[in-house]
Amino acid sequence: MTTILGAIADDFTGATDLAGLLARSGARVSLRMGVPETPPDNTAPFEVIALKIRTTPVNEALTFSKQALAWLRSAGAKHLYWKYCSTFDSTDKGNIGPVAEALMAELSTPQTIYCPAFPENGRAIFMGHLFVGREPLSESPMKDHPLTPMRDSSLLRLLQPQVEGQVGLIDRLTVARGPDAIRDALAHLAHDNIAHVIIDAVADEDLATIATATHHMPLLTGGSALAQPLPGLLTREIGQTEAFTPPTTAPETVLLSGSCSAMTNRQVATYLATGAPCFQLDPLSLAEHGPGPALDWLNQQNLRQAPLLYATADPQSVAAAQTKLGKTRAGQIVEDTLATCATTARDHGARRFVVAGGETSGAVTQALGITRLDVGREIAPGVPWCFASTGGHPVALALKSGNFGAETFFTDALTALEPE
C-alpha cells in the first residue's frame with residue numbers, strides 16, 4: 001500500500017509514542033527502527049522511522065534525517081512529519097531546528113510550524129512558553145535532565161539559536177479563532193520571511209484546529225499529539241485500511257529501565273513495592289566489574305514473575321556517576337548492559353519486553369536485531385505495545401519515554417496484554 005504520511009522521530013520511544021497515537025485511528029502503522037536498508041515493500045499507510053539523533057552531533061543528525069526522508073518519499077509519502085519530544089529536548093545547537101531546516105530545504109518549503117504540546121500528558125504551550133503540568137519547563141524536573149537540561153521555557157528563545165531563519169509565534173488567541181485565522185497568520189508571517197512558527201496549544205481542541213489549518217503543508221513538526229488528528233484529515237487519500245491483529249506471545253517477561261526521569265523513578269519505586277524481583281544497576285560497579293553479576297542474577301529468575309533490572313536513580317546519584325565516569329561513558333555503560341540483558345533474557349525465553357527510556361529502547365531494539373514493529377494497543381497515552389520478531393520468535397515490546405505513563409505503568413503494561 002502506498003504510504004500517505006511519513007514521519008521521522010528523533011528517538012525510539014518518541015517514535016512509538018507517535019505511532020501509538022496514529023494507530024488510534026484504526027489504520028495500520030509500521031514503525032521502522034532506523035532507516036531501512038532495503039527499498040520500500042509492504043508499506044503501511046502510516047510509516048514512522050525511529051532514529052537515534054536527539055543528542056548526536058548535528059551533521060550526523062542531518063545525514064540520517066535526510067536518508068529517512070528519501071526512503072519515505074520513495075515509499076510514496078505525500079505528507080511529512082518531524083517528531084521530537086513534547087518537552088522540546090535539545091541542546092543549544094539542536095537537533096530540533098537544524099533537522100527541520102534541512103528537511104525544509106529538501107522539500108523546497110519556506111515555512112513550517114512547531115507544536116510540541118501534548119495536553120493529555122500535561123504539555124501545553126501558552127504565549128510561546130512550554131509548560132509541564134502547571135510548571136514552566138525551566139522549573140519542571142526537565143531542568144535536571146542528564147543529557148538535555150532544559151533551563152528556559154520560551155520556545156522562541158530555545159529555537160532561534162538553532163536555525164538560520166527567523167522564528168515567530170501564533171498565540172492561543174489566534175488559535176481560538178479557528179483554522180482560517182491560523183492560515184491568515186501563517187501567510188502574514190511568511191510575508192515577513194518568518195520561516196519557523198511556534199504555535200500555542202493548551203487543549204486537544206487546539207491541536208485539532210492547528211492540524212486542520214496546516215495538514216496541507218509539506219512539512220509539519222511537533223510532538224506526537226499534533227499528528228493524532230492527521231489520519232482523519234487524510235482519510236480521503238488513505239482509503240480503506242485494515243485493522244492490525246497482534247500475534248500471541250508467550251508470557252515470559254523482562255523489564256529494563258535506564259531512564260532517570262522523575263516519573264520513571266516513581267514507577268520503579270511502585271514496582272519495587274509489589275515485591276517483584278528487581279536488580280539495581282550501578283554505573284560505577286558496572287565500570288569496575290562488568291555486567292556479569294546482573295546477568296548471573298537474571299539467569300536465576302523465573303521470567304513469568306517479570307523481573308526488573310534498572311539503572312534508574314535520583315539526579316544526585318546520576319550526577320555523581322557522571323562526574324567519575326564522564327557523562328557519555330556513564331550512559332553508554334548502562335545502555336550496553338541493559339542491551340546485553342535483553343538478549344540474554346530472550347535466549348532464556350523472554351517474549352515480552354518493557355523498556356523505559358529513549359536511549360535504552362534504542363540500545364535494546366538494536367541488540368535484539370529488530371528493524372520493524374507493528375503497533376498495537378496503548379498502555380498509556382503515547383506508549384503502545386508493539387510487535388516484532390527476534391531470534392525467530394514473535395515478541396511484544398513496550399518502549400516508554402521516561403516521563404510517560406502512570407506510577408503503576410509497569411504493572412499496567414503487564415495486564416494490558418492479558419486476554420480481555
Within the stretch 290-334, of all residues that are more than 20 Å from G402 (Cα to Cα) and among the polar types (S, T, N, Q), the one least open to solvent (accessible area, probe 1.4 Å) is Q301
Taking the stretch 375-420 and keeping only residues that are farther than 21 Å from V48 by Cα and open to solvent by less than 40 Å² (accessible area, probe 1.4 Å), one is left with G405, F409, F410, A413, A416, L417
Note on the stretch 347-362: residues out of contact with any strand residue (DSSP E or B) (no Cβ under 6 Å at 6 or more places or on another chain), open to solvent by 10 Å² or more (accessible area, probe 1.4 Å) and either within 22 Å of C260 (Cα to Cα) or not small (G, A, S) (or both) are D347, H348, G358, E359
Residues in the stretch 308-335 that are within 18 Å of Q267 (Cα to Cα) and either in contact with a Leu (Cβ under 7 Å, 6 or more places away or on another chain) or assigned to a strand (DSSP E or B) (or both) total 4
T13: passes all of (1) closer than 22 Å to S259 by Cα; (2) surrounded by fewer than 24 Cβ atoms within 10 Å (Cβ to Cβ); (3) in contact with a Ser or Thr (Cβ under 7 Å, 6 or more places away or on another chain) but (2)
Scanning the stretch 371-420 residue by residue, those within 26 Å of N265 (Cα to Cα), part of a loop (DSSP other than H, G, I, E, B) and free of Cβ contacts under 8 Å to residues at least 24 places away in the same chain turn out to be E418
Residue within the stretch 171-193 that is touching a Lys or Arg at 6+ places or on another chain (Cβ under 7 Å) and hydroxyl-bearing (S, T, Y) present
no
Okay, helices (runs of 4 or more DSSP H) sitting entirely in the stretch 189-281 with 1 or more residues that are of a type in the set (D, E, K, R) and open to solvent by 10 Å² or more (accessible area, probe 1.4 Å), I get 204-214, 235-238, 262-272
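The values are calculated or read from the model by the stated rules, or taken from the named source; none is laboratory data. Nothing here was measured: the structure is a model prediction, and the numbers come from that model. A quick note on method: Cβ atoms are made from the backbone with ideal geometry, for glycine too, and the neighbour counts reach across all protein chains shown. These accessible areas exclude ligands, DNA and RNA; they are computed on the full protein's heavy atoms, side chains included. Shrake-Rupley method; radii C 1.70, N 1.55, O 1.52, S 1.80 Å.
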